Amino acid sequence: MSTLDFIRDSLRQLHGSYRDAVADLSPDQLHWRANDNGCSMAFVLWHYYRTEDNIIQFVLQHKPTLWLDSGWDQKFGLDRIAQGTGMSLQEAQSLQINSKEDWLAYMDAVAKATESYLSGLDEAALEQKITVKPLGEMPVLNAIGNMCLTHGFTHLGEIAHLRGLQAAWHGGLRGTVGSISVTNAMVWRLDMRRTRGRRQRR
């Protein structure tokens with residue numbers, strides 16, 4: 001398998017896993033937070049897909065983002081430029097996705113645009129240098145690998161964790177997020193029992 005094939009296959013898996021992770025969520029579940037210091041799955045989704053849209057469309061191709069070009073910012077009533085980096089906790093926690101169906105359509109549009117871009121690349125193109133602000137100059141391979149793949153799977157893990165916590169506290173969530181089982185909730189329950197046991201022995 002070539003490097004380019006690996007990237008294509010991994011991004012397809014990533015996009016499918018994100019969709020599976022949120023397709024069955026209610027608005028309340030999507031915007032649920034574990035505590036006052038955390039963010040919702042809605043914020044994580046918005047942040048990652050806005051980042052991929054920025055990297056693939058604007059940074060690598062010097063094209064308008066789908067977010068602006070298709071008017072998604074207006075449909076959701078969200079900021080034209082922001083994608084989460086540098087936001088205050090209060091700003092991140094206040095973010096709302098007003099229609100899950102429309103959001104899934106935006107996710108699909110980003111995935112399709114990314115697939116289209118990658119289909120026109122060759123291995124040599126991955127070595128071309130581009131500038132990603134504020135990180136600086138790097139090969140296209142690093143921009144996609146770090147900003148999309150590593151970044152995307154890391155945030156997918158956050159969503160799996162939040163689903164697990166909701167299942168532990170409220171019940172009702174089953175299934176998997178990609179290859180990450182929502183039975184993370186069972187691990188959380190076990191940790192809580194151990195913590196209570198230690199407190200009782202003191």
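Read-outs: derived from the displayed coordinates by stated rules, not from any lab. What you see is a predicted model; the values in this text were computed from it and never measured. Backbone-built Cβ (ideal geometry, glycine too); neighbour counts: all protein chains shown.
Brief remarks follow.
- In a fully extended conformation the segment linking Lys75 and Ser99 would gain 7.7 nm over its present Cα-Cα distance, using 0.36 nm per residue.
- Under 22 Å, Cα to Cα: Lys pairs in the stretch 1-134, sequence gap 8 or more or different chains: 7
- Spin-label model distance (nm) - Thr3 vs Asp24, 7 Å beyond Cα toward Cβ: 3.9 nm
- Simple label model, 7 Å out from Cα along Cβ direction - Leu121 to Leu135, nm: 1.2 nm
- Thr154 paired with Trp169, simple spin-label distance in nm, labels 7 Å along Cα-to-beta-carbon: 2.4 nm
- In the stretch 46-129, trypsin sites (Lys or Arg not before Pro) in a DSSP loop with at most 13 other beta-carbon atoms within 10 Å: Arg80
- Extension gain (nm, one decimal) between Asp36 and Ala82, 0.36 nm per residue minus Cα-Cα: 14.3 nm
- Two-decimal ratio, the stretch 1-123, of alpha-carbon radius of gyration to 2.2 N^0.38 Å: 1.10
- Note that the stretch 30-36 has calculated 3J(HN,Hα) couplings of 5, 9, 5, 10, 6, 7, 6 Hz, one per residue in order, obtained from phi through the Karplus relation 6.51 cos²θ - 1.76 cosθ + 1.60 (θ = phi - 60°); glycine and proline are x.
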